[in-house]
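We did not get these values from a lab; they are worked out from the coordinates using the rules stated. Keep in mind the model is a prediction, meaning the values are calculated, not measured. Backbone-built Cβ (ideal geometry, glycine too); neighbour counts: all protein chains shown.
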Amino acid sequence: MELKSVKESDDTLLLEVKNETVTVTNVIKGELWDDENVKEAAQIKEHPYLAEPKIFVKVSKGKPVVALDKAAERVIKQIDEFSESFKKALKA
């Protein structure tokens, strides 16, 4: 996965996620909405075959890159919890 900053300001960030599907950006977008400092969060896919998915975040306080990093950490935690539950379920 390669990330490319397309547009950045003090309160907004548009990030391109290369070689991934909208599944990744959709999960991150959902987690961004759980941050009280996030005013807007969206995933963008201009063309299904010709464009890479993008994630947009706008914050009311703090930096958008920090909000994105925290959202990614929460997603990783959820994946780890799912993995543990899955392994336990297989043993049952």
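Couplings for segment 65-80, taken from phi via the Karplus curve 6.51 cos²θ - 1.76 cosθ + 1.60 with θ = phi - 60°, read 5, 5, 4, 5, 4, 5, 5, 4, 4, 5, 5, 4, 4, 5, 5, 4 Hz in order; Gly and Pro are left as x.
Spin-label pair Lys77-Val65: with each label point 7 Å from Cα along the Cα-Cβ axis, the two points sit 2.3 nm from one another.
Between Glu36 and Tyr49, the simple label model (points 7 Å from Cα in the Cβ direction) yields a spacing of 4.7 nm.
Straight-line reach from Lys63: taking Cα to Cα under 18 Å and skipping same-chain neighbours fewer than 8 places apart, the aspartates and glutamates in range are Glu8, Asp10, Asp11, Glu16, Glu31, Asp34, Asp35, Glu36, Glu40, Glu73.
Each peptide in 17-27, 74-84, 45-55 receives the mean, over its residues, of other Cβ atoms within 10 Å, and ordering these scores from highest gives 17-27, 45-55, 74-84. Computed over segment 38-83, the P(r) tail beyond 18 angstrom holds 46 percent of alpha carbon pairs. The spacing between segment 3-28 and segment 46-68, judged by their C-alpha centroids, is 4 Å. For the listed residue pairs Lys18/Lys61; Lys4/Lys39; Lys7/Lys61; Lys54/Lys91; Lys4/Lys88; Lys18/Lys77, the alpha carbons are over 30 angstrom apart in Lys54/Lys91; Lys4/Lys88. 3J(HN,Hα) along segment 52-58, derived from phi through the Karplus expression 6.51 cos²θ - 1.76 cosθ + 1.60 where θ = phi - 60°, amounts to 7, x, 10, 10, 10, 9, 10 Hz, with x in place of Gly and Pro. The spread of Cα positions in the chain, taken along each principal axis and listed from longest to shortest, comes to 50, 35, 17 Å. Compute the relative contact order of segment 2-91 as a whole-number percentage, counting only Cα pairs closer than 8 Å that sit 6 or more residues apart in sequence. Taking the mean separation of contacting Cα pairs over the length of segment 2-91, I get 28 percent.
With angles folded into 0 to 90 degrees, how steeply does helix 22-32 sit against the dominant principal axis of the chain? Use alpha carbons for both and round to 10. Once rounded, one gets 80 degrees.
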